[in-house]
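Structure first, then comments.
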Amino acid sequence: MPVLNSSVCLLPLHLFFLSIRTTPRTGQDRLFVRSRFRVTSINPNHSESGWAFFGFGGVMLMLVLISISVLPALRITRDSLAEHMTTRTRSSSLVGPRARRWSSILLAGQVSFSLLSLGTAALFAQTLLNLSHANLGMDRNHVITVHLDFSNWSYSEGELPGLYVRLLERLKEIHGVQGAALQMCAIPGCMWNTALHVAGRPDVPERQMHGEENRVGATYFHTMGIPLLEGREFGAMDTTESQRVVILSRAFAQQLFGNDSPIGRRIGYGPAPHDADYVVVGEVGDARVDDLRSTPPPVAYFSIEQRPAFVGTIMVRGDGENSGLFSEIRQSLLNIEPDLPVTAILALNAEYEEGLSREMLLARLTGVFGFLSLGLAALGIYGLLSFMVTRRTAEIGIRVAVGATPADLYRLVLRQTLQILVAGILPGLLLTQAMSFVARNLLYGTSAMSFGPVLIATGVLIAVGIAASLLPAVRATRIDPIHALRAD
């Protein structure tokens, strides 16, 4: 068992090293217009340093094992050899009540740390589940994102409107497509910051002017499933010759106009007279266009038909299972424009879940460590109780001889198991709550006092502990009192 424990302890070290090599980069890889999430691969050149980490862990483990082996050795050297050779009872002093008590205390500590590992894993698993089902303010389950890269495009912006019309018309002819719309700045992760002035209100604080902006096409909000709260969407009437219009999210409308209706109000990019260049024609619901964790930002949506630009994505809304539409969408677009720079076609939900790489990594690593520590605790309980049954064979034989039933022996063994579990679970709960407070910035939808995941981990630990004590309990019921007394 000590060999197994040592082997298992080395595994988390190697897993942790691998997790470092596969940690996603989130800084420079989040582009200004195109938000693509990249995960570094494991470099074969790092294998040598990987074994160095593994060797370092092995050396540290050996030092710990040697250190904790010194204490029993010191106890043996302090006692007189003559005293231990007098009787069998004295020779067993190393495994007497005091030694068993210390073994139980150490095992209770192992149970505490096992609960800490399991509870932390449960909290991160709950965080991952909460983020996966978070309300984004849009229908991410039925939307497909077609990514385009016009960086090497040889055509001018003046040719874009006609190309966009042909592409959208062809996409809407595909069976199973309910809508399609253009978008300049790809989501999630657009983060195109802007500042808007309100006509006739120079007193608006500057911090309330700031938000994000995007240029989108007609029927964009219907395609994305973002609810229209007031006014209208962009339509065919919005052209380069017509009055320039803008649609605000609720958060941006409240920043600029409070609880007043924004419809018909004028805004612009600069102070007067440029604070009245755009008319607000609609208000839509807030949406998490940055990532799953962030609160919905204030967003101003401008018409891409009025301000032509190279689009970053075409958003396509399907009526059900969208995976079968990917190849047909690509082929349809290339039939219209063979040189169209289509770089990727992905489900919008998958794009948001790409941002959960850190949460997935934490949930998996803590889950692995939690179950490893759970296995070690189970082995510890089994080993201690098996040792107890072996050392107390004569006592158990006497109990059976005077009329103890199998149920009495089960209670004898399980009572010690429950004492160990209770002594370990109570500190483990406090440690888990402390950990949830320390890691609160990594959690989502799970507060520092959320007991649901922790109670599940506690139940698993109790069940495993009782299961580990069943075999020693069964062995105790099978002891023959005559053989036990003769052996003593």
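All of the numbers you see were taken from the coordinates with simple rules; none came from a lab. On a predicted model such as this, the values are computed, not experimentally measured, just so you know. All Cβ positions, even for glycine, are placed from backbone atoms using ideal geometry, and neighbour counts span all protein chains on display.
Residues whose amide H falls under 5 Å from that of Ala347, counting only those 5 or more places apart or on a different chain, are Thr145, with hydrogens built in the peptide plane.
Pairs of alpha-carbon atoms within less than 8 angstrom and 6+ residues apart define the contacts here; what relative contact order does the stretch 177-227 have, in percent? Computed over the stretch 177-227, the figure is 53 percent. Sorted on the mean count of surrounding Cβ atoms within 10 Å across their residues, most packed first, peptides 410-419, 332-341, 304-313 read 304-313, 410-419, 332-341. Sorting the segments 184-190, 455-461, 114-120 by their mean number of nearby beta carbons within 10 angstrom, highest to lowest, gives 114-120, 184-190, 455-461. Working note: Karplus 6.51/-1.76/1.60 with θ = phi - 60° gives the stretch 308-319 the couplings x, 7, 6, 7, x, 8, 10, 9, 10, 9, x, 9 Hz, where Gly and Pro are set to x.
What the phi angles of the stretch 147-152 give under the Karplus curve with 6.51, -1.76 and 1.60, with θ = phi - 60°, is a coupling list of 8, 10, 10, 9, 5, 10 Hz, glycine and proline written as x. Dimensions of the stretch 150-340 from C-alpha coordinates, computed as largest minus smallest value along each principal axis and given longest first, are 53, 35, 28 Å.
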